[in-house]
Amino acid sequence: MKKILSIVASMALCSVALNAAGTAAGTTVSNSATLSYTVDGATQPTVSTQNAATFVVDKKIDFSIVHDDSPKHLVTTPGATDVRRSFTLENTTNKIQDFTLNAVNLTGGESYDSKADDSDVSDIEISIDDGDTWSSGSVTVDDLGVDATLTVLVRSNVPDTNVDGNVMNIQIEATAVKDGTTDPEEATSTADDKDAEDTVLAEGAGVTDFANSEFDGKYSAWGGYIINSPVLTLEKSSCVYKDLVSGVSADAKRIPSATITYLFDIENTGTINASDINITDTLPDELDASTVTAVKTNDNQSSCSCDGGVAGDGTDATSSISGQELKITDLEVAKDKHNCVTIQVNIK
């Protein structure tokens, strides 16, 4: 007696959603089979499996947050406000997912893109609606869709105590949380239950590979700021221009009615030019403020010298006198240069 057998399997998916994240969590996969055969060429009744083999697709939590604008360290200045960095949160979990976001300063000394952190920003806030609203502390992202992305903005202020070259690194951390809560997601620790939606943490270590590890339900990214600022020093010196005995001479002395040339040497050793510089000088009572002349500014110099007492050959500077107080305003000095500012005034 000859028997010929064939088996045909069938599979049914309930609530299937296929995407880059894979089959949706909670999908019931049902698989059954039928068997047909013949005996001596005679077809026999089909035999079906008594029960379909079914299981529920588990939840694979996978996501990332990355720094998505350049440069890695944004150039800023002391006292700057509302300085922003942009990040992208992407949900590659096979289910809609909630997250919490936190942004903090990195601990001093930690390096990002080979730049060691040596200062902090202040007033860190997060926006998940393109800057319409801002929140400090933890921010919750509700129901981020499968394969969806969200732009996350972080803004802060730069304390005016920062100086040229300071580096401020920040970290933003995304944590997968249970629906409608701020409780972190947890991996199912028991053996696989084919009839239940288990949870598997499957995210990477984070682009920093520092604060987080693989499969801990958290993912971090870093962003940075670097200060570019003028670094100004002011030196004041004096020399004699003339007296009533020797006139304009190298032999002139600092006697009453002699004319003194004062030199203000403004040096900028910072990385950017400086402008809107103002000098205030309260002249001592031994000087006749009414005789102040030759208020000159001579920018873009490699050095300054008061030798000979001759007033600078630059342009007239904006100045005013009230009593003994002299103000010189609207000065500027290029990076790595000096501005040689001069005045002349008589000794009483």
All conditions in (1) assigned to a strand (DSSP E or B); (2) farther than 14 Å from residue 260 by Cα are true of residue 313 except (1)
Of 242, 253, 218, the only residue that is loosely packed, with under 14 Cβ neighbours inside 10 Å and of a type outside the set (A, V, I, L, M, F, W, C) is 253
Per the filter on the range 59-95, residues under 30 Å from residue 24 (Cα atoms), over 13 Å from the mean Cα position of the chain (by Cα) and either surrounded by fewer than 16 Cβ atoms within 10 Å (Cβ to Cβ) or not charged (D, E, K, R) (or both) are 61, 63, 64, 65, 88, 89, 91, 92, 93, 94
Margin query: Please determine whether any residue of the range 331-343 is in a loop (DSSP other than H, G, I, E, B), more than 42 Å from the chain's Cα centre (by Cα) and not assigned by TED's automatic domain parsing to the domain that holds residue 76.
Written below: no
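Per-residue answers, yes or no, for (1) without any contact (Cβ under 8 Å) to a residue 60 or more places away in the chain; (2) closer than 30 Å to residue 227 by Cβ; (3) of a type in the set (Phe, Trp, Tyr); (4) assigned by TED's automatic domain parsing to the domain that holds residue 217:
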position: 29; (1), (2), (3), (4): yes, no, no, no
position: 42; (1), (2), (3), (4): yes, no, no, no
position: 51; (1), (2), (3), (4): yes, no, no, no
position: 75; (1), (2), (3), (4): no, yes, no, yes
position: 86; (1), (2), (3), (4): no, yes, no, yes
position: 97; (1), (2), (3), (4): no, no, no, yes
position: 103; (1), (2), (3), (4): no, yes, no, yes
position: 112; (1), (2), (3), (4): no, yes, yes, yes
position: 126; (1), (2), (3), (4): yes, yes, no, yes
Scanning the range 77-96 for residues that are in contact with a His (Cβ under 9 Å, 6 or more places away or on another chain) and over 21 Å from residue 119 (Cα atoms) gives 87, 88
Screening 289, 317 for residues that are of a type in the set (A, V, I, L, M, F, W, C), buried (at least 18 other Cβ atoms within 10 Å of the Cβ), free of Cβ contacts under 8 Å to residues at least 60 places away in the same chain and over 21 Å from residue 232 (Cα atoms) leaves only 289
Going through the range 159-191 in order, the residues found to be in contact (Cβ under 8 Å) with a residue 12 or more places away in the chain, closer than 22 Å to residue 104 by Cβ and acidic (Asp, Glu) are 160, 173, 185
Margin query: Looking at the structure I just gave you, is residue 327 part of a strand (DSSP E or B), among the basic types (Lys, Arg) and either in contact with a Lys or Arg (Cβ under 7 Å, 6 or more places away or on another chain) or modelled with pLDDT of 95 or more (or both)?
Written below: yes
| said: Considering only the range 141-155, I want to know if a residue exists there that is closer than 20 Å to residue 77 by Cα and of a type outside the set (A, V, I, L, M). | reply: yes
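The values are calculated or read from the model by the stated rules, or taken from the named source; none is laboratory data. Keep in mind that what you see is a predicted model, and the values were worked out from it rather than measured. Cβ coordinates were reconstructed from backbone atoms using ideal geometry, including for glycine residues, and neighbour counts include every protein chain displayed.
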